[in-house]
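Asks: Handing you this structure, nothing more for now.
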Amino acid sequence: MATARRLALGLLSVEVLVLVVTGAALFFLYEPTPSQAFGDAFPDNGTQPGDVLRAVHGFASWAALPTVVVAGVLLAARARPGERVAPGVLWAVGGAVVAAAAAITGLAIAYDQVAIRTVTAGGNVAGYHRWLWNDDVLFFLVDGTEMAPSTLVKAVLLHTVALGGATVAVVTAGWWRVLGRRPAPSPSSSPADAEPASTTAR
C-alpha cells in the first residue's frame with residue numbers, strides 16, 4: 001500500500017510539474033490555431049511551439065484527473081491499524097474537485113480570437129500577457145462566445161493563481177500524509193493499558 005501511494009503521488013507530482021512549466025510558457029506563447037479561430041479562411045502553417053505546449057498541457061491536465069482519483073483512493077484507505085481515514089477522504093475529494101475545476105477553467109480561457117482597436121502589421125500576437133491588460137482589446141471570443149477582457153482576466157487568475165496554487169497545495173498535503181506522519185499507535189496500546197498514576201500516601 002505504501003509503495004502504491006508513493007507511485008501514484010509521484011506520477012501526480014510529475015503531471016503537476018508539467019502543467020506548471022507548460023502553463024507558464026503558454027502565458028507568453030499561446031495563440032489560437034487557425035482552424036479553431038477562422039475555420040477554412042486561413043491555412044494552417046504547420047505546428048508552432050504554442051501548439052505543442054497546448055497539446056502537452058492539455059494531455060497532462062486530463063491525465064491528472066484519473067491519477068488524482070487513484071491517489072485519493074489509496075490515501076483514503078487505511079494502510080495500517082489505527083490510521084485515521086478522514087484526512088485521506090478529505091484529500092481525495094479536495095484533489096478531485098481541484099483537478100476538475102482546473103481542467104474546466106483551462107478550457108474557458110482558451111480564446112479563439114481577439115477583437116482589438118488597432119493592429120500593427122506583422123506584430124507578434126502570441127501570449128496572454130499582451131492582451132489581458134491592454135486597453136485596445138474590445139473583447140475575446142472563447143468557443144464562439146464574446147468574453148469581456150475583465151472576465152478573461154478573472155478567469156486566468158482563477159486558473160493560474162488560485163487553482164494552480166491549490167493544486168500544488170494538494171500534492172504537498174498528499175506527500176505530507178505519506179512521508180511526514182508519525183507512526184500510528186499500536187492497536188494494543190490504549191489509555192487503559194497505561195500504568196496507573198502513583199498516589200501519595202497520606
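Asks: Quick query: amide H of ILE116 versus all other amide H atoms, modeled in the peptide plane; which residues come in under 5 Å with a sequence gap of 5 or more or a different chain?
Replies: Excluding prolines and chain starts, which carry no amide H, the hits are LEU138.
Asks: Distance from the Cα centre of the stretch 1-19 to that of the stretch 143-179, in angstrom?
Replies: Using only Cα atoms, the two centres lie 19 Å from each other.
Asks: Quick one: which residues, 5+ away or cross-chain, put their amide H under 5 Å from the amide H of VAL142? H built at 1.01 Å from N.
Replies: Amide H to amide H, under 5 Å and 5 or more residues apart or across chains, VAL142 pairs with ASP112, MET147.
Asks: Okay, moving on. Sort 161-167, 58-64 by packing, meaning the average of other beta carbons within 10 Å per residue, with the highest value first. Write down the numbers at each step before the final one.
Replies: Details: 161-167: 16.3, 58-64: 17.9.
Ranked by mean Cβ neighbours within 10 Å, highest first: 58-64, 161-167.
Asks: Would you mind computing, in nm to one decimal, how far apart the modelled labels at LEU107 and SER150 are, each placed 7 Å from Cα along Cα→Cβ?
Replies: 2.7
Asks: Mind checking the full-extension length gain between ASP51 and PHE28? Use 0.36 nm per residue of separation minus the Cα-Cα distance, one decimal, nm. Numbers along the way, then the final one.
Replies: Values: separation 23, 0.36 × 23 = 8.28 nm, distance 1.27 nm.
Length gained, ASP51 through PHE28: 7.0 nm.
Asks: Pop the C-beta distance of LEU65 and LEU138 into the FRET formula with R0 = 30 Å and round what comes out to the nearest 0.05.
Replies: Numbers: r = 35 Å, r/R0 = 1.16.
After rounding to 0.05, the efficiency reads 0.30.
Asks: Amide H neighbours of GLU31 under 5 Å, counting only residues 5+ apart in sequence or on other chains, H built in-plane at 1.01 Å?
Replies: Long-range HN contacts for GLU31: GLY127.
Asks: Can I ask one more? When you count, for each residue, the other Cβ atoms within 10 Å and take the mean per peptide, how do 96-109, 135-148 rank with the highest first?
Replies: 96-109, 135-148
Asks: Moving on to the next point. Highest mean first, how do 22-30, 3-11 rank when packing is the count of other Cβ atoms within 10 Å averaged over residues? The partial results should precede the final answer.
Replies: Values: 22-30: 18.0, 3-11: 16.0.
Going from most to least packed, we get 22-30, 3-11.
No value in this document is a laboratory result; all are computed from the given coordinates. These figures come from a predicted structure and were not determined experimentally. As a convention, Cβ positions derive from the backbone with ideal geometry for all residues, glycine included, and neighbour counts pool all protein chains shown.
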